[in-house]
Amino acid sequence: MPPTQCRQPATVPGPHRSDLDAELTDDLTSMVAAARRRAVRDGDRQIDTAHLLHALLESDPEVRAAIGDRRKVARLLGYLVQRSIGYGLRWQDSVEDSGAVPVPLGPGVWSPAAAEVMAAARRRARRGRHGAARGMDVLVAVAAAPGSRAVEVLRRAGVDPAVLLGRIALTEYVTRN
C-alpha cells in the first residue's frame with residue numbers, strides 16, 4: 001500500500017500546506033502533523049476540529065493550563081481517545097461541514113470548520129503581533145467555532161467554550177498590562 005500523502009487538494013479554498021506551515025510556530029506545525037496522522041490513522045474522511053483539539057491537548061502545556069482543571073483535561077482526552085478507537089462520539093461516517101462550500105473528501109483534507117479555525121488562528125496571531133500562530137491561537141479559534149466537533153467535545157467534558165474564551169482573554173490582558 002503506498003504511503004498516504006496528507007496534502008490539501010488544490011480544489012479546497014484557503015491556504016495550502018506550505019502556506020499554512022509558514023505561518024505556524026514549529027511546535028504548532030508538529031501539532032498539525034499529528035492531527036493529520038490521527039485523521040488518516042483513524043480512517044476519517046477529513047481532519048476536523050476534534051483532531052486539532054486532541055493534538056493540541058497532547059502537545060501544548062499552555063493549552064492544557066488554559067483548560068485549568070486537570071480532571072477536565074483528562075475528560076477531554078478521554079472523549080477524544082474514545083472517538084479515535086470507535087466508541088463514544090461517532091463522526092467517522094460524516095463530514096464536519098460549515099455549509100459554506102462543497103466539501104471535498106480524502107485523507108489529509110481539512111474539514112471546512114477546521115480550515116476556518118486555522119485561518120482564524122493565523123489572523124489572531126497577526127493581530128496579536130506575535131508572528132506565527134501558536135497553540136493558544138488555535139485553542140481560541142476552536143473554542144469560538146460554534147457547532148464544531150471540538151466545541152461539542154468541550155461541552156460534553158464540562159468546559160464551557162465562552163468561559164474558556166473569557167479566561168484566556170483575561171489572562172492575556174493581565175499579561176500585557
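Observations, loosely collected:
- Distance between modelled label sites at D27 and A74, nm, 7 Å Cα→Cβ extension: 2.4 nm
- Other residues lying with their Cβ under 12 Å from the Cβ of I67 contribute a combined charge of +2, Lys and Arg counting +1, Asp and Glu -1.
- Protection proxy ranking of 74-83, 142-151, 159-168 - average other beta-carbon atoms within 10 Å, highest first: 142-151, 74-83, 159-168
- Ranked by the mean number of other Cβ atoms within 10 Å of their residues, highest first, the peptides 126-135, 113-122 come out as 113-122, 126-135.
- Residues whose placed amide H lies under 5 Å from that of I47, excluding near-sequence neighbours: G108, V109, W110, S111
- Less than 5 angstrom separates the built amide H of L24 from those of A133, all sequence-distant by 5 or more or on a different chain.
- Ordering of 49-58, 64-73 by burial proxy (mean other Cβ atoms within 10 Å per residue, highest first): 49-58, 64-73
Rule-based calculations on the coordinates, nothing more; no lab input. Being a predicted model, the structure only gives us computed values, none of them experimental. No Cβ is skipped: glycine too gets one built from the backbone with ideal geometry, and neighbour counts run over all protein chains shown.
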